[in-house]
Amino acid sequence: MRFIGLITYSAFGAILWAKFAAGRSVQEGVAGLLFVVGILFINVCCVRYLKGRTMSPISESLALVARSTNPIFLVLGMLGIAYCDVRFTLCLIGQLQGAACSVNGLGSAWLFVFIGAMFTWAGAYEFRLRKDSIDYFSFIGGYRSLSLDEINYARVRRGEFTYTDRFRPPYRLEIIAANASDLPSIIVSLRVFKKVDVDRLFNWLGEKLRRE
């Protein structure tokens, strides 16, 4: 974990140096690199999320489908990201044909990808309860699923207890798998869901939920 922190602070320091001490060409190169990395990361998250949706189709066996927001936010967010992808692809094609392609030349694509990512992030939170399993979706974490028998315990937590908690929601439900080495645990961001849906999730967990 210290290694991850060192990389994070080093990257932040490099960005500050490029912003205030480097030449214009270096600044444009860093801006372009950050834009490309950001676009790739956002698209990887989108692909993982959409793949998870296909692995958990809505069916009559679902007891509850809880969403953080109206699905229109998710649709608008995906459209914004798709628009930026098209603009970025056309820019690359133009560069291969000899035309100039710069980050500044993408214009409104910056705004569309930023707003699209925010809308998608906000609209992607969802959990689905079946009689004996839970499916959870988020934009960054993707899709995760556990059956009731695979759950060791669950607990509600606020704040940070370990370094990795810095990258988790401040108010969350941690559903810990019985075999944590083979099955990923589920971290549910409780603040984004309605209280009635959270209460139903707690009731579904039953004795698995530790009251700490």
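Identify, please: which residue in the range 120-139 is among the aliphatic types (A, V, I, L, M) and within 21 Å of Phe41 (Cα to Cα) and is, among those, surrounded by the most Cβ atoms within 10 Å (Cβ to Cβ)?
To start, the set of residues in the range 120-139 that are among the aliphatic types (A, V, I, L, M) comprises 122, 124, 129, 134.
If we keep only those that are within 21 Å of Phe41 (Cα to Cα) too, we end up with 122, 124.
Values: Ala122: 15, Ala124: 27.
Filtering the range 120-139 for residues that are among the aliphatic types (A, V, I, L, M) and within 21 Å of Phe41 (Cα to Cα), the one surrounded by the most Cβ atoms within 10 Å (Cβ to Cβ) comes out as Ala124.
Checking the structure you have, find out if any residue of the range 201-212 is in contact (Cβ under 8 Å) with a residue 12 or more places away in the chain, surrounded by fewer than 16 Cβ atoms within 10 Å (Cβ to Cβ) and under 24 Å from Phe41 (Cβ atoms).
Looking through the range 201-212, none of the residues is in contact (Cβ under 8 Å) with a residue 12 or more places away in the chain, surrounded by fewer than 16 Cβ atoms within 10 Å (Cβ to Cβ) and under 24 Å from Phe41 (Cβ atoms).
I want to confirm something. Restricting to the range 176-210 and keeping residues that are within 14 Å of Val156 (Cα to Cα) and among the small types (Gly, Ala, Ser), which single residue is nearest to the chain's Cα centre (by Cα)?
Only one residue tops the list, namely Ser189.
When you go through (1) closer than 30 Å to Ile81 by Cα; (2) at pLDDT 85 or above; (3) in a helix (DSSP H, G or I) one by one for Ile187, which number turns out not to apply?
Tallying (1) closer than 30 Å to Ile81 by Cα; (2) at pLDDT 85 or above; (3) in a helix (DSSP H, G or I), Ile187 fails exactly one: (3).
Quick check on this structure: which one of Tyr153, Tyr163, Tyr143 is loosely packed, with under 13 Cβ neighbours inside 10 Å and touching a Lys or Arg at 6+ places or on another chain (Cβ under 9 Å)?
Numbers: Tyr153 fails: loosely packed, with under 13 Cβ neighbours inside 10 Å; Tyr143 fails: loosely packed, with under 13 Cβ neighbours inside 10 Å.
Of the residues listed, the single one that is loosely packed, with under 13 Cβ neighbours inside 10 Å and touching a Lys or Arg at 6+ places or on another chain (Cβ under 9 Å) is Tyr163.
Name the residue that is surrounded by the most Cβ atoms within 10 Å (Cβ to Cβ), counting only residues in the range 171-184 that are at pLDDT 85 or above and either in contact with a Gly (Cβ under 6 Å, 6 or more places away or on another chain) or aliphatic (A, V, I, L, M) (or both).
For the range 171-184, the residue satisfying everything is Ile175.
Consider Leu111 against the criteria (1) among the hydrophobic types (A, V, I, L, M, F, W, C); (2) under 16 Å from the mean Cα position of the chain (by Cα); (3) under 29 Å from Leu40 (Cβ atoms): it satisfies all of them except one. Which criterion is unmet?
Here Leu111 clears every test but (2).
Out of Arg53, Arg48, which single residue is among the basic types (Lys, Arg), surrounded by 14 or more Cβ atoms within 10 Å (Cβ to Cβ), outside any strand (DSSP E or B) and at pLDDT 90 or above? Full working, then the answer.
Values: Arg53 fails: at pLDDT 90 or above.
So the residue among Arg53, Arg48 that is among the basic types (Lys, Arg), surrounded by 14 or more Cβ atoms within 10 Å (Cβ to Cβ), outside any strand (DSSP E or B) and at pLDDT 90 or above is Arg48.
If a residue has to be part of a helix (DSSP H, G or I), at pLDDT below 90, surrounded by fewer than 18 Cβ atoms within 10 Å (Cβ to Cβ) and of a type in the set (Gly, Ala, Ser) to count, how many in the range 65-116 make the cut?
Adding up the residues that qualify gives 2.
The values are calculated or read from the model by the stated rules, or taken from the named source; none is laboratory data. The structure displayed is predicted, hence computed values, not measured ones. With ideal geometry, Cβ positions are generated from the backbone for all residues, glycine too; neighbour counts draw on all protein chains shown.
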